[in-house]
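Since every read-out is calculated from the coordinates, none of them should be taken as a lab result. In this text, all values refer to a predicted model and were calculated from it rather than measured experimentally. Neighbour counts are summed over all protein chains in view; Cβ atoms, including those assigned to glycine, are modelled from backbone coordinates with ideal geometry.
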Amino acid sequence: MLILGIMMQFVNLTGQREAYREELEAAERAVLDSGCYIGGPQVKALEGELADFCNSDAGCDRAEPETHAITCASGTDALTIALMALGLKPGDEVIVPDFTFIAPAECVDFLGGIPRFADIDPETLQIDPESVKARISPKTRGIIGVDLFGQCAPFMELRRIADEHELWIVEDAAQAFGATSGARRACTLGDISITSFYPSKPLGCYGDGGAIFTSDVELAEKVRMLANHGSRERYLHETVGLNSRLDALQAAILRVKLRHFEEELKVRRENARKYDEFFSSAGARIVPQKIASGNTSTYAQYTVLAENRDAFIAKLDAAGIPHCIHYPQALHEQPCFIKFLSDYVPAPLYGTRGIAKTISENENRRAERAAELVVSLPVCAFTDVDFIIDKLRAAL
Ligand SMILES: Cc1ncc(COP(=O)(O)O)c(C=O)c1O
């Protein structure tokens with residue numbers, strides 16, 4: 001499975017395509033020749049296979065009751081549709097982690113809700129349940145737990161909080177389809193869960209795509225209706241919805257990749273184990289994201305916290321090792337969300353990174369600190385991690 005390019009890619013999608021070329025081309029040709037490009041048998045079959053995967057007992061208990069999968073046009077749409085199905089109204093508050101991709105907070109804001117940013121655990125980098133509790137107000141309706149970098153958020157604790165305060169939970173598993181938490185699989189841990197099939201995701205297609213999961217039959221029907229212009233019956237629209245569809249070509253591609261997915265996950269985990277072993281003895285004050293006991297990650301990215309990040313990045317650059325910063329700032333620092341800070345200063349002091357600085361109990365120091373330290377390294381099943389580690393050994 002190891003293919004070395006001249007210029008190493010952060011996610012080796014060309015290596016993956018090469019490995020499955022025959023199967024992919026046959027699947028692509030069959031769709032293009034079929035005349036059925038939206039919906040149809042490929043999409044239906046994929047939805048069944050995604051649900052089966054989540055309900056399967058490969059090392060896990062079966063999800064009870066069984067999860068349903070509904071595909072849509074992207075992970076962002078999946079979050080929007082999930083929030084619509086759960087009845088989010090303007091002014092409702094939703095607690096989201098402060099350190100993640102923008103989409104969960106963006107979708108809440110887009111629907112007129114108010115994202116409230118919870119701080120994170122400094123080691124797992126996941127939402128901190130204690131901080132969630134501190135953000136609950138009479139307007140809180142739900143919590144979005146994000147399975148950051150492929151590791152499930154602490155849903156047992158989140159569920160206890162949600163039950164106590166009558167809140168719903170959305171699991172954002174955009175990065176974590178295939179992860180497990182105890183005996184459960186990612187995408188079965190929220191009242192509604194979502195994932196993304198963006199090309200570089202652990203299970204990615206060749207465009208945008210996403211899916212929504214729920215074991216609640218009524219919610220599943222509502223989600224399907226919302227993703228289809230608010231319509232269950234042709235040209236009868238019960239509500240205003242979205243046009244959010246995964247096309248047949250992407251579904252066929254995903255079905256091929258799904259057949260190899262468990263094998264890829266094994267290689268990703270082995271790659272991560274090699275990095276862990278290296279960094280534990282490298283003594284360079286570089287610490288990997290902690291994987292909580294009982295969790296398995298998909299390693300959507302392999303992320304480390306580097307005390308001296310600039311120097312580390314300079315060495316990665318010199319060695320030609322691709323890297324990314326996921327994410328360079330906490331969400332509450334984003335210009336678009338400053339309006340939500342309770343003590344927002346209209347003429348803020350701008351920090352060194354051009355980010356508005358506020359003096360706030362919402363500052364979430366651990367999220368801010370993570371944004372200063374994180375660096376992600378290539379980890380996919382087609383990355384030669386031994387080669388990277390040799391380079392790192394020489395560089396550090
Ligand atoms: C945590 C998280 N949520 C949601 C999304 C949105 O997914 P998409 O790009 O498919 O819209 C992403 C995408 O990177 C993500 O990382």
(request) Springs between alpha-carbon atoms under 10 Å, Gaussian network over the chain: tell me which of Pro199, Pro122, Pro138 tops the mean-square fluctuations. (result) Pro138
(message) Neighbour counts of other C-beta atoms within 10 Å: give me Val108, Val170 arranged from fewest to most.
(response) Val108, Val170
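Counting DSSP beta bridges in the chain, what percent are antiparallel, to the nearest 5?
On the way: 28 of 44 bridges.
In the chain, approximately 65 percent of DSSP beta bridges are antiparallel ones.
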(message) Taking θ = phi - 60°, what integer Hz values does the Karplus form 6.51 cos²θ - 1.76 cosθ + 1.60 yield along segment 109-121, in sequence order, with x for Gly and Pro?
(response) 4, 4, 8, x, x, 10, x, 10, 8, 9, 6, 10, 6
(request) Calculate, in nm to one decimal, what Arg29 and Glu372 gain on full extension: separation in residues at 0.36 nm each, minus their alpha carbon distance. (result) 118.9 nm
(message) Can you find, among Ile169, Gly204, His332, the residue sitting farthest towards the positive end of the charge dipole of the chain, where Lys and Arg contribute +1 and Asp and Glu -1 at Cβ?
(response) His332
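Within segment 38-194, what percent of beta bridges assigned by DSSP are antiparallel, to the nearest 5?
Working: 3 of 19 bridges.
Among the beta bridges of segment 38-194, antiparallel pairing accounts for roughly 15 percent.
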(request) Take the Cβ-Cβ distance between Arg365 and Thr14 as r, set R0 to 41 Å, and report the resulting FRET efficiency rounded to the nearest 0.05. (result) 0.50
(request) Amide H neighbours of Thr140 under 5 Å, at least 5 residues apart or on other chains, H built in the peptide plane: list them. (result) Glu93
(request) Given the peptides 12-24, 373-385, arrange them by the average over their residues of other C-beta atoms within 10 Å, most packed first. (result) 373-385, 12-24
(message) From the phi angles alone, apply the Karplus equation (6.51, -1.76, 1.60; θ = phi - 60°) to segment 7-21 and give each ³J(HN,Hα) in whole Hz, x where the residue is Gly or Pro.
(response) 9, 5, 8, 4, 10, 7, 6, 6, x, 5, 5, 4, 5, 10, 3
(message) Ignoring everything except DSSP H segments at least 4 long, calculate the 222 nm mean residue ellipticity for the chain; use -39,500 (n - 2.57) per segment, divide by total residues, nearest 500.
(response) -11500 deg cm²/dmol
(request) Based on other C-beta atoms within 10 Å, arrange Thr239, Thr298, Thr76 from fewest to most. (result) Thr239, Thr76, Thr298
(message) Suppose each label sits 7 Å from its Cα in the direction of the beta carbon; what would the Ala134-Asn308 distance come out to in nanometres?
(response) 3.2 nm
(message) List the residues, sorted by chain then number, that are 5 or more residues from Ala69 or on another chain and whose placed amide H is less than 5 Å from its amide H.
(response) Ala51
(request) Quick one: which residues, 5+ away or cross-chain, put their amide H under 5 Å from the amide H of Gln126? H built at 1.01 Å from N. (result) Asp121
(request) Mind counting lysine pairs for me in the chain? Cα separation below 18 Å, and the two need to be 8 or more apart along the chain or on different chains. (result) 13
(request) Identify the GluC sites (Glu not before Pro) of segment 114-159 meeting these criteria: DSSP loop state and at most 16 other C-beta atoms within 10 Å of the C-beta. (result) Glu123
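Using a Förster distance of 45 Å, how high is the FRET efficiency between Leu242 and Ala318, based on the Cβ-Cβ distance and rounded to 0.05? The partial results should precede the final answer.
Details: r = 46 Å, r/R0 = 1.03.
Step by step, r from the Cβ atoms, then E = 0.45.
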(request) With a Förster radius of 30 Å, plug the Cβ-Cβ distance of Val287 and His165 into 1/(1 + (r/R0)^6) and report the FRET value to the nearest 0.05. (result) 0.35
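With both partners inside segment 72-154, how many of the DSSP beta bridges are antiparallel, as a percent to the nearest 5?
On the way: 1 of 9 bridges.
So the antiparallel bridges amount to about 10 percent of the total.
Using the Cβ atoms and a cut-off under 12 Å, what net charge is assigned to the surroundings of Thr214, where Lys and Arg are +1 and Asp and Glu are -1? Intermediate results must be reported in sequence, preceding the final value.
Values: positive: Lys222, Arg224; negative: Glu66, Glu171, Asp191, Asp216, Glu218, Glu221.
With Lys, Arg at +1 and Asp, Glu at -1, the neighbours total -4.
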(message) In whole Hz and in residue order, list the ³J(HN,Hα) couplings for segment 127-132 that follow from phi through the Karplus curve 6.51 cos²θ - 1.76 cosθ + 1.60, θ = phi - 60°; x for Gly and Pro.
(response) 3, 9, x, 5, 5, 4
(request) Can you put Glu166, Glu28 in order of Cβ neighbours within 10 angstrom, beginning with the fewest? (result) Glu166, Glu28
(request) Find the centroid of the Cα atoms in segment 73-89 and in segment 117-165, then give the distance between the two in whole Å. (result) 18 Å
